[in-house]
Amino acid sequence: MLKNKIILIAATGFAAAAAQALQSDSSKPIEIAADRFSGDQVQQTAIYTGNVEVHQGTLEMHGDRMDLSVNKKGYRTGVMTGRQARFKQQRDNPDPRISEWMHAQADKMIYNEEKDTITLITNARLTRTENGVLKDEATGQLIVYDIRNARSQAQGGTVGGERQRVTTIIAPRKKDNESGSSAKDTTGLRSSDSIGTRRKE
């Protein structure tokens with residue numbers, strides 16, 4: 001089946017870039033592709049189903065279904081579901097030798113353009129990579145990732161009657177002779193700039 005394709009040109013993108021995301025992404029058009037599309041211009045809603053893909057610069061979202069709505073202020077909210085819904089975006093890194101990416105996946109993913117957050121619900125996983133190497137990872141039943149401030153909050157949950165705990169993996173401190181860092185620099189989870197956003201990934 002030929003996919004429906006819609007290109008949205010907007011000053012504020014579907015996932016507007018913040019300081020931590022690749023800044024050029026926000027100026028790129030948004031392309032949404034799916035097997036089926038249903039839209040309501042009066043209600044400002046749209047439903048995409050079947051192999052849904054969202055692209056805006058380095059930003060990508062994939063899932064089985066996406067419900068898109070626009071509030072009175074013009075901000076978009078996208079709810080992506082699937083097994084599993086996936087998100088990735090490149091981050092700005094001051095060291096040109098480092099290709100840094102943020103990856104997220106969950107059974108349900110909510111992007112809130114006004115708050116610039118991604119909420120991952122059920123079997124959630126958030127990771128950060130550098131040059132294809134996993135640096136940080138967080139898993140839980142609920143993760144809220146603040147793109148603008150590069151901060152995340154994770155919660156466990158109850159699955160099958162058992163309480164699930166939050167798990168994080170933090171990269172070790174880099175040595176003096178490692179490129180792109182000094183002994184005082186850490187690549188682990190930090191309060192303001194650790195976990196976050198198609199080149200090498």
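The values are calculated or read from the model by the stated rules, or taken from the named source; none is laboratory data. Everything quoted here is computed from the prediction, not taken from an experiment. Reconstructed Cβ throughout: ideal geometry from the backbone, glycine too, with neighbour counts over all protein chains shown. These area figures cover heavy atoms from the full protein model, side chains too; ligands, DNA and RNA do not enter into them. Shrake-Rupley method; radii C 1.70, N 1.55, O 1.52, S 1.80 Å.
Please give the contour-minus-distance gain from Thr122 to Asp35: 0.36 nm per residue of separation, less the Cα-Cα distance, rounded to one decimal in nm.
Extra length available between Thr122 and Asp35 comes to 28.8 nm.
What ³J(HN,Hα) values, in whole Hz, does the Karplus curve 6.51 cos²θ - 1.76 cosθ + 1.60 give for the range 65-75 when θ = phi - 60°, with x put for Gly and Pro?
For the range 65-75, the Karplus-derived couplings read 8, 9, 9, 10, 9, 10, 7, 5, 7, x, 7 Hz, x marking Gly and Pro.
What does the extension gain come out to for Ser24 and Ser99, with contour length at 0.36 nm per residue minus their alpha carbon separation?
Here the segment from Ser24 to Ser99 would lengthen by 25.5 nm.
If r is the Cβ-Cβ distance from Lys72 to Val133 and R0 is 35 Å, what FRET efficiency results, to the nearest 0.05?
Efficiency computed from Cβ-Cβ geometry: 0.20.
For the range 66-116, what is the Kirkwood hydrodynamic radius in Å, using each pair of distinct C-alpha atoms?
For the range 66-116, the Kirkwood estimate is 12.7 Å.
Using only Cα atoms, what is the ratio of the radius of gyration of the range 17-100 to 2.2 N^0.38 Å?
1.22
Which whole number in µm²/s is D for the range 64-161 by Stokes-Einstein, with the Kirkwood Rh taken over Cα pairs at 4 °C and 1.567 mPa s?
91 µm²/s
Would you list Lys72, Lys135, Lys28, Lys115 from the most to the least accessible area, probe 1.4 Å?
Sorted by accessible area, descending: Lys72, Lys115, Lys28, Lys135.
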